[in-house]
Amino acid sequence: QVQLVESGGGLVQPGGSLRLSCAASGRLFRIYNMGWYRQAPGKQRELVAAITRGGTANYTDSVKGRFTISRDNAKNTVYLQMNSLKVEDTAVYYCNADHSASLSGTTRTFWGQGTQVTVSS
């Protein structure tokens with residue numbers, strides 16, 4: 001089983017910064033895409049950022065220029081650097097990873113437990 005463990009969430013003032021980390025562990029062969037999602041109360045879960053194994057990243061429009069997604073394949077870890085945080089960024093943030101147990105195996109998606117990010121003065 002693949003497990004994703006997140007860290008870095010917390011309380012920050014508007015304009016501040018946080019860095020989220022998510023490390024994959026377990027019986028790993030190859031992780032392809034990794035991403036960060038968020039969900040605020042009463043709203044749908046949305047994709048915040050995603051990154052391919054080769055480092056190609058994409059972002060939702062609301063975070064472009066403020067957030068940066070990166071990964072360290074040797075550590076099986078994905079990061080989300082969040083700068084210039086706004087109140088509307090408040091949400092539970094989840095990481096995910098698409099993993100294959102072999103070259104011919106089915107790709108499965110795994111999720112982290114979620115971490116709370118609260119932006120408030």
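Can you tell me how many residues within the stretch 35-85 are polar (S, T, N, Q) and within 19 Å of T109 (Cβ to Cβ)?
Our first condition is that a residue be polar (S, T, N, Q); within the stretch 35-85, this holds for 39, 44, 52, 56, 58, 60, 62, 68, 70, 73, 76-77, 81, 83-84.
When the remaining residues are screened for being within 19 Å of T109 (Cβ to Cβ), the result is 39, 44, 52, 56, 58, 60, 73, 76-77.
The total comes to 9.
Residue by residue, here is whether (1) crowded, with 21+ Cβ neighbours inside 10 Å; (2) within 24 Å of S120 (Cβ to Cβ); (3) over 15 Å from the mean Cα position of the chain (by Cα); (4) aromatic (F, W, Y) holds:
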position	(1), (2), (3), (4)
R30	no, no, yes, no
G35	yes, no, no, no
K43	no, yes, yes, no
K64	no, yes, no, no
K86	no, yes, yes, no
T90	no, yes, no, no
S100	no, no, yes, no
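Consider G105 carefully, then state whether it is at pLDDT below 95 and either open to solvent by 60 Å² or more (accessible area, probe 1.4 Å) or assigned to a strand (DSSP E or B) (or both). Working first, answer last.
Values: at pLDDT below 95: yes; either open to solvent by 60 Å² or more (accessible area, probe 1.4 Å) or assigned to a strand (DSSP E or B) (or both): no.
In short, no.
The values are calculated or read from the model by the stated rules, or taken from the named source; none is laboratory data. This is a predicted model, so every value here is computed, not measured. With ideal geometry, Cβ positions are generated from the backbone for all residues, glycine too; neighbour counts draw on all protein chains shown. Quick note on the areas: whole protein, heavy atoms, side chains included, nothing else; ligands and nucleic acids left out. Shrake-Rupley method; radii C 1.70, N 1.55, O 1.52, S 1.80 Å.
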